Amino acid sequence: MRFTSNLFSTISPSKVLLLSSALALAACGGSSDSSNVGYVKFYNSSKNAPDIILTLDQDLESDDDDDTDNFEVTFNGVAYTEALSVFEIDTDSYFYEMGWQDEDSSDRDDLEIVAEGQIKVTTDSIQLLVLTDDITAPQVETYSIEVLDDDEDEDNDLFNLRVLNLHPDSAGVDFYMSESDETFNEATLVGQFNYRQLSENQKFDQDEYIFYITKSGTQEVLFTSDDIDYAYPAQYVMIVRENTGSGTSPYAMDRMSNSSITEYLDTDSEAQFRAYNAIREHELIPNYTGTLDIYINGVDDEAEISALEIGSFSETKIQNKGDYSLDLLIPGSTERLLSNHLLSLAENTNKTVFFYLNEEDVDLDGDGNVDENNDGIVDEIEITIKSLVVANSTRESIYDHQITMIDLVDSEDFNFVKFYFVRSDETIETALYNRSAVYTQPESIYLQNNTYQVFAIAEVDSSEVILSSFQLTLDEDSDELFLIVEADDDSPTGYRIEMIKQTEDE
């Protein structure tokens, strides 16, 4: 679930204004006292798009350096399924541009433009701009939504609801709702909607509701929401869109108000997970030879994942949403490496469970000295098998990609590994893109399509040491990736980097 909220403000004409977010109405659904202002809102519905940057410009022909009366505003990027808050603006005609940042600069002149056009802002109405379809051939839909003051609602106990279908299935959808203590059998049909169709406004009593989606003309429910509370006399647009998560439902839903957007997934959606074995062999677990079996308690008596080798991912497993405990066993035995570790799977999620070995020195008498006989060898060590659960990215952007770094090396020599992504005109010292990964704390970065020389560097005894280096080429066909740092006795440096897709190809 996500939430974005911003305060209300009026922006006077000026040169370019870079806003961290658009400015919202003071009260959702309330109208302005001014008779010459309207509102603009933007929603990104292009699933393979990067963050999209919107610019509004009163006069494309003006020279911004000389014309102080020209209104121009550029907003920060909006990710897929995100929206700007409602932005107040004087009534007039405006040109718009939508682009993405394909260079280091986010200045308007440096953006890659994907769509442009013109809108007319009218009094007390919201011009909703929606970017749809594939980002290589996008479409922009514009909807005019009246700002309602609800003066006729003397008891202040109604809310306003519209439905916008952005799911590309040509069959369209039927959209139903019921009260929270009812089922689909008692649901009321809100309407039947084709692709890109925005419904007329309807008023309902403030209460908690469940929403259902079927293909038009059918009664098979393919989406059921959780209870959704409508406690304010506000205006909402319920957006039906594609589900890009792990569940089998084709639909997901966003509730968009003037200042926020919240995602809702099919309450019955399954989840997916897979496992990675990073447990190295150790003298304290002599029967472990690099493979393990994974059991999910409460499912059945069979191993869900069998003979998972060190340095390998399992196949992706589909599991009903819920909270589970995991046991790791040495294959062919009852010897447990790990017991009752939590795996929490919310609906529609996709996760990876990393299993690794942690080694600690034992201070036998608590005096802080782990080498009592001063022979240079720790007197005793103990090991623990641990798990790390990481959410996999299911983004489909073709122009940039999420790279998640995971350091699974528990070293006394260094506290973190720093990754540098060096382009052809850079050195490590000047590289713009870099991140530090602390032991077992995932760190992500978004990289644009390019060829990078990647360096994983640790500081040992005040000197920087290259643990690994390799070339990474990202293009439109690339995936979201894990970069996993592990110890490797066979490597010249003693370490290696595994580069693995975050999700399996379907």
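The values are calculated or read from the model by the stated rules, or taken from the named source; none is laboratory data. Bear in mind that the values here come from a model prediction, so they are computed numbers and not experimental data. Glycine also receives a Cβ, built like all others from the backbone with ideal geometry; neighbour counts cover every protein chain displayed. Accessible surface areas use protein heavy atoms only, side chains included; no ligands, DNA or RNA. Shrake-Rupley method; radii C 1.70, N 1.55, O 1.52, S 1.80 Å.
Points worth noting:
- Among the residues of region 372-394, just one is among the charged types (D, E, K, R), at pLDDT 75 or above and surrounded by 11 or more Cβ atoms within 10 Å (Cβ to Cβ), namely Lys386.
- Condition broken by Glu141, with the remaining ones in (1) among the acidic types (Asp, Glu); (2) over 26 Å from the mean Cα position of the chain (by Cα); (3) part of a strand (DSSP E or B); (4) closer than 25 Å to Leu84 by Cα satisfied: (2)
- Being modelled with pLDDT of 95 or more and within 30 Å of Leu222 (Cβ to Cβ) holds for only one residue in Ser306, Ser314, and it is Ser314.
- Within the option set Asn277, Asn243, being within 20 Å of Ala346 (Cα to Cα) and either in contact with a Lys or Arg (Cβ under 9 Å, 6 or more places away or on another chain) or open to solvent by less than 40 Å² (accessible area, probe 1.4 Å) (or both) holds for one residue only, Asn243.
- Residues that are closer than 22 Å to Thr244 by Cβ, in a loop (DSSP other than H, G, I, E, B) and among the polar types (S, T, N, Q) were ranked within region 333-356; the one that is most open to solvent (accessible area, probe 1.4 Å) is Thr349.
- So Ile330, is it surrounded by 19 or more Cβ atoms within 10 Å (Cβ to Cβ) and out of contact with any His (no Cβ under 9 Å at 6 or more places or on another chain): no
Let's see how each residue does on (1) under 23 Å from Thr394 (Cα atoms); (2) outside any strand (DSSP E or B); (3) open to solvent by 20 Å² or more (accessible area, probe 1.4 Å):
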{"position": "Ser85", "(1), (2), (3)": "no, yes, no"}
{"position": "Glu88", "(1), (2), (3)": "no, no, no"}
{"position": "Gly99", "(1), (2), (3)": "yes, no, no"}
{"position": "Asp104", "(1), (2), (3)": "no, yes, yes"}
{"position": "Glu116", "(1), (2), (3)": "no, no, yes"}
{"position": "Ile119", "(1), (2), (3)": "no, no, no"}
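- Criterion: among the charged types (D, E, K, R), without any contact (Cβ under 8 Å) to a residue 24 or more places away in the chain and more than 30 Å from Ser85 (Cα to Cα) - qualifying residue of Glu270, Glu302: Glu302
- Filtered residue count, region 227-243, keeping only those that are aromatic (Phe, Trp, Tyr) and closer than 11 Å to Gln206 by Cβ: 2
- If the condition is being among the polar types (S, T, N, Q) and either surrounded by 14 or more Cβ atoms within 10 Å (Cβ to Cβ) or in contact with a Leu (Cβ under 6 Å, 6 or more places away or on another chain) (or both), then region 187-206 contributes Gln192, Gln197, Ser199, Asn201, Gln202, Gln206.
- Residue count, region 123-157 (criterion: on the phi < 0 side of the Ramachandran plot, at pLDDT below 95 and surrounded by 17 or more Cβ atoms within 10 Å (Cβ to Cβ)): 2
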